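The values are calculated or read from the model by the stated rules, or taken from the named source; none is laboratory data. Predicted model only: the values in this text are computed from it and were never measured. Cβ atoms come from the backbone with ideal geometry, glycine included; neighbour counts cover every protein chain shown. To get the accessible areas, we keep the full protein, side chains included, count just its heavy atoms, and leave off ligands, DNA and RNA. Shrake-Rupley method; radii C 1.70, N 1.55, O 1.52, S 1.80 Å.
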Amino acid sequence: MERRGFVARVLRNGTVRAALVLAVFLIAWSVLQLGGLSVFLINSWLLLSLPLVLAASGVTLVIFTGEFDLSAAGVVAVTNVLMATWLSELGWLGLPLAVLVGAVVGLFNGFLVVVMRLPAIAVTLATFIILGGLALVILPTPGGRIDPGIIDFFTGQLVVPRSIIFLMVIALLWLLYRNTRMGVHAYGVGQDAEALRLSGVAVDRVKFGVFALAGTLYGLAGAVLAAVVQTGDATIGSSYLLATFAAVAIGGAAFTGGSGSVLGTMLGALTLTVIPKVLFVLGISGWVQRVFEGMLIIAAVLVGAVATQSEQRKVQAVKTTPKVEAPTVSVSGGERP
Amino acid sequence: MSLLQVSGLAKKYGDAIALSGADIEVEAGEIHGLIGENGAGKSTLVKVLSGMVKPDAGDVTIGGEQLRLGHLRASRNVGIRTAFQELTLLPRFTVAENLLVDELPTQLGMLRRRALQSRAADILQEWDVTDIDPSTPAWQLPLSAQQRLEIVRALNGDPRLLILDEPTAALPDTAWIFKHVRAAAERGAAVLYISHKLAEIEELCDLGSIMRNGRIVGQFTRGAFDHDDVISQMIGRSIDIAFPPPLNRVDTSAAPALHVESLAVGEQVVDVSLDVRPGEIVGVAGLEGQGQREIFYALAGATGLTSGRVSLDGQPADLASPRSAMRSGPGVALVPEERKREGLFADMSTTQNISVPILKSLTRFGLVRRRAEQSRSGQAAEEHYIRPDYLARQIGSLSGGNQQKAILARTALTGSSIMLMFDPTRGIDPAAKLEVYKTLREASAGGAAILFYSTEIPELIGMCDRVLVVYGGSIVAELTGSAMTEDAVMRHAVGKTLQEAESI
């Protein structure tokens, strides 16, 4: 519609922006890595990304609805240590149970946020803190044992490395979810919950479902993390608090809700795990890495903001829905004090 | 038995009365017009019927059955569909998704995109909307298309009660909507049609009601629609406040302090030109949403202006932000519309609320000198009739009138001599109103140029040297002296042309 260049139009899509960022780092990695990239190197990178991809995808689903969820890191920590301890003797059964724990946490968050109308940031921050503590109670020092069958399931080979297959499955599930009623409505909640409610949609049910689904994904992320690192560690999950949000930011989803794609977040998570590899071959220390990541996030958000500026303005203009119970007029007013 | 029966609806928001015993009946197949001034209670009535607001008292029955009030789904389930004045479209959804959001076609849980598209296309075709592509996101549509989409959504629900709230605000072509509203009525729907535009009501409606002060004050029927009568019933408010007399005479030869030429703001304001001289109070009148808010906010630097020239004391104004507007030449200060949201720091003291613009001059080594703050704020408060014992109190705990006086005191401290007053007396008690009038008089005697918008027309007539009437984003009339009557203002405000208004 607007007479802008092809580049500007392409950059309006957050997933495309995230893909470009990842491509830059992948190219850098392949050029800099001595002896080039091997299947082994790529597989280990993808495997390590897998739990972050899962957790960040869950966070993204919540952010689409205009809410926040800080509990991902807590759920990952708890399910990770559960897999290494109580669930390790159950074999296969451990996996669905860990996922179930995540779902229960999601339901708990959803209950407090949607039914009790408490602020999501406070609620999910609290669940994060509680679960982080619980994880340390369950397993104070790293260790434990992960069921070998589960390790093999996630890390093994099936023509191609399984990590690739799992990433494709996640992408596919997202494409399916996006086309479910709940997936469509979840976008709508983030755009203008009041307007959606006036259109006859049960907004609360959608939000509740999204929190539960996100919790499920965190549970799965914790279990996968246990399989990938092959041990239990209550503190390993804590980096996920920031990393999930960093992945969302690089992935181009709007933190105000209503726009973005899980594909972008997946690419963002992959970027975050490839950055250390690139910096490592450059011989740059781990501390500098954090500085670099922070700057990358600002750059990604900035480019996104500039690219979608005019769109944002027009979108805002449509969102003029009157709020329920908004005071309207006044005919007279009595003197109070 | 009428399809819709509303009896004794009452609703208060704090001290403000929105509805006070509203009764209305609409038969199946009837198109019922509803008109009234700003704040007459129309939109609250719409919100009650749509289930958005629970009234304090009163009953609504649909087809003889009691409607569960304050419940969105209950209203929907009995077949009430509303096209809201403020649209309820989801901006990033496509037209198709917006049309079918509550009944998305799915198969095995998956959305059937193709079916969605084709069903949306069918719906658009059914309602003669041929120029909107169902796959376009709503935000990319022009405002008039968005408005038609909102109306189609209401029509398409096969409503028993169809409510259209200012449906033609952004819709120049009434033929389309009239055709479909009539067809809906022929199918047996009761239609409640709310509009500021008398000509539309006259052409379309079988019967109508006039609303004022939260209740129905008059009725009219097709063929017996007397504009004069309707207008006088719409206003009908008695002037029971004595306005303080002017303290100064406007020097009509003086150069304007505020000069606006061909101002345009988005789609809401088209080509507005006006002048305000030092010591002059110029009134702005208009029904809700005619662009007055955009004019005031653009002049205050709070929103961008699309085009036009604004000069202050003959110098081009810098209206990039409220801060630069205040520092530009003699300075422009705005008293905003929504006192609580836009004007107050509710948890801070009255003193602190007043001193905001001069804080910089009150600081030493970066710290605010509290005693100096108290004395400067106290002085400004005294000049604005605020009792000294309110100064230390949290401003949020004061009455609306005292809050507003504090905002005026703050505005005075900005030192700006161009004041934009957007409905400064809204929702405040009569005593406080009188004090607001007095401070306006004193400010203008001190040489301030004041642009004054009010929803209460008598107030404009009582206080202003001239009144400009806005309609559809431009100034349609300028009234002075004896031509400045409530009747004349309302005639122009409801969109009658100058000749028509004069010929009556």
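Taking just the C-alpha trace of region B:291-385, give me its Rg and Dmax in Å.
So, for region B:291-385, Rg and Dmax equal 15.6, 45 Å respectively.
Looking at chain B, send over the antiparallel percent of its DSSP beta bridges, to the nearest 5.
Working: 45 of 80 bridges.
For chain B, the DSSP antiparallel bridge percentage is about 55.
Per q in 0.09, 0.11, 0.12 1/Å, what log10 I(q)/I(0) does a Debye calculation on the alpha-carbon atoms of region A:2-336 return?
-0.50, -0.74, -0.87
Per 0.36 nm of contour for each residue apart, how much would the distance between B:Asp347 and B:His227 grow if the chain were fully extended, relative to their Cα-Cα spacing?
38.4 nm
Using a cut-off of 10 Å between beta-carbons, work out the net charge of the residues near B:Val269 (Lys and Arg +1, Asp and Glu -1, B:Val269 not included). Working shown, then result.
Numbers: positive: B:Arg293; negative: B:Glu267, B:Asp271, B:Glu294.
So the surrounding residues net to -2.
Please list the three semi-axes, largest first and in whole Å, of the ellipsoid equivalent to region A:104-144, using sqrt of 5 times the eigenvalues of its alpha carbon gyration tensor. Can you show the working numbers first?
Values: eigenvalues 137, 18, 6 Å².
Semi-axes (√(5λ), whole Å): 26, 10, 5.
Over all directions, the average projected area of the alpha-carbon convex hull for region B:20-79 comes to how many nm²?
Numbers: hull surface 17.2 nm².
Across all orientations, region B:20-79 yields a mean hull projection of 4.3 nm².
From Cα pairs below 8 angstrom and at least 6 apart in sequence, can you work out the relative contact order of region A:2-336, rounded to a whole percent? Show your work: numbers first, answer last.
Working: 548 pairs, mean separation 112.3, N = 335.
RCO, region A:2-336: 34 percent.
Compute the projected area of the convex hull of the Cα atoms of chain B, averaged over all viewing directions, and report it in nm² to one decimal place.
Details: hull surface 107.0 nm².
Seen from a random direction, the Cα hull of chain B projects 26.8 nm² on average.
Report D for region A:103-259 in µm² per second (integer): Stokes-Einstein, Kirkwood Rh on Cα pairs, 25 °C, 0.890 mPa s. Walk me through the numbers on the way to the answer.
Working: Rh = 17.7 Å.
Answer from the Stokes-Einstein relation: 139 µm²/s.
Could you please state, rounded to a whole Å, how far the C-alpha centre of region B:44-113 is from the C-alpha centre of region A:206-230?
35
Given the -39500 (n - 2.57) contribution per DSSP H run of 4+ residues, what per-residue ellipticity at 222 nm results for the protein assembly as shown, rounded to the nearest 500 deg cm²/dmol?
Details: 32 runs with 400 residues, N = 841.
Value at 222 nm, helices only: -15000 deg cm²/dmol.
Of the options B:Gly29, B:Leu9, B:Leu451, report the single residue whose Cα projects farthest towards the positive end of the charge dipole of the protein assembly as shown (beta-carbon charges: Lys, Arg +1; Asp, Glu -1).
Selected residue: B:Leu451.
Starting from the Cα gyration tensor of region B:1-148, take the square roots of the eigenvalues, sort them a ≥ b ≥ c, and report rounded, prolate or oblate (rounded when a/c is under 1.5, otherwise prolate if a/b is larger than b/c, else oblate). Walk me through the numbers on the way to the answer.
Numbers: a/c = 2.20, a/b = 1.90, b/c = 1.16.
Note, shape of region B:1-148 comes out prolate.
Taking the Cα atoms only, what angle lies between the long axis of helix A:14-32 and the longest principal axis of chain A, rounded to 10 degrees?
It is inclined by approximately 20 degrees.
Pairwise over distinct Cα atoms, reciprocal of the mean inverse distance: report the Kirkwood radius of region A:1-94 in Å, one decimal place.
Evaluated over region A:1-94, this radius sits at 17.2 Å.
Give, rounded to the nearest 20 debye, the magnitude of the charge dipole that region A:2-336 has about its Cα centre when Lys and Arg contribute +1 at Cβ and Asp and Glu contribute -1 at Cβ. Mind dumping the intermediate values first?
Details: 20 positive and 14 negative charges, 190 e Å.
The dipole of region A:2-336 has a size of about 920 debye.
Please calculate the 1.4 Å probe accessible area of B:Arg376, with all protein chains present, and give it to the nearest 10 Å².
90
If you place +1 on the Cβ of every Lys and Arg and -1 on the Cβ of every Asp and Glu, how big does the dipole about the Cα centre of region B:343-478 come out, in debye to the nearest 20?
Computed charge dipole of region B:343-478: roughly 680 debye.
How large is log10 I(q)/I(0) at q = 0.16, 0.20 Å⁻¹ when the Debye formula is applied to the Cα atoms of region A:100-170, each weighted equally and without solvent?
At q = 0.16, 0.20 Å⁻¹ the computed log10 ratios are -0.84, -0.92.
For region A:195-286, rounded, prolate or oblate, judged on the Cα gyration tensor with a ≥ b ≥ c (square roots of eigenvalues), a/c < 1.5 rounded, else prolate if a/b > b/c? Walk me through the intermediate numbers first.
Numbers: a/c = 3.46, a/b = 1.70, b/c = 2.04.
In terms of gyration-tensor shape, oblate.
With axes computed from alpha carbons, what is the tilt in degrees of helix A:120-138 against the longest principal axis of chain A, rounded to the nearest 10 within 0 to 90?
Orientation of helix A:120-138: about 20 degrees from the principal axis.
Towards the positive end of the charge dipole of region A:2-336, with charges on Cβ (+1 Lys, Arg; -1 Asp, Glu), say which of A:Gly190, A:Leu220, A:Ala120 has the farthest Cα.
The one lying farthest along the dipole's positive direction is A:Gly190.
Just to confirm the number: angle between the C-alpha axis of helix A:309-318 and the first principal axis of chain A, 0 to 90 degrees, nearest 10?
50
In Å, what Rg and Dmax follow from the Cα atoms of the protein assembly as shown?
31.2, 95
Pairs of Cα atoms under 8 Å, at least six residues apart: use those to get the relative contact order of chain B, whole percent. List each step's numbers first, then the result.
Values: 1040 pairs, mean separation 73.5, N = 504.
Relative contact order of chain B: 15 percent.
Would you calculate the separation in nanometres between label points at A:Ile27 and A:Gln157, each defined as 7 Å from the Cα along the Cα-to-beta-carbon direction?
My value for the distance between the label points is 3.1 nm.
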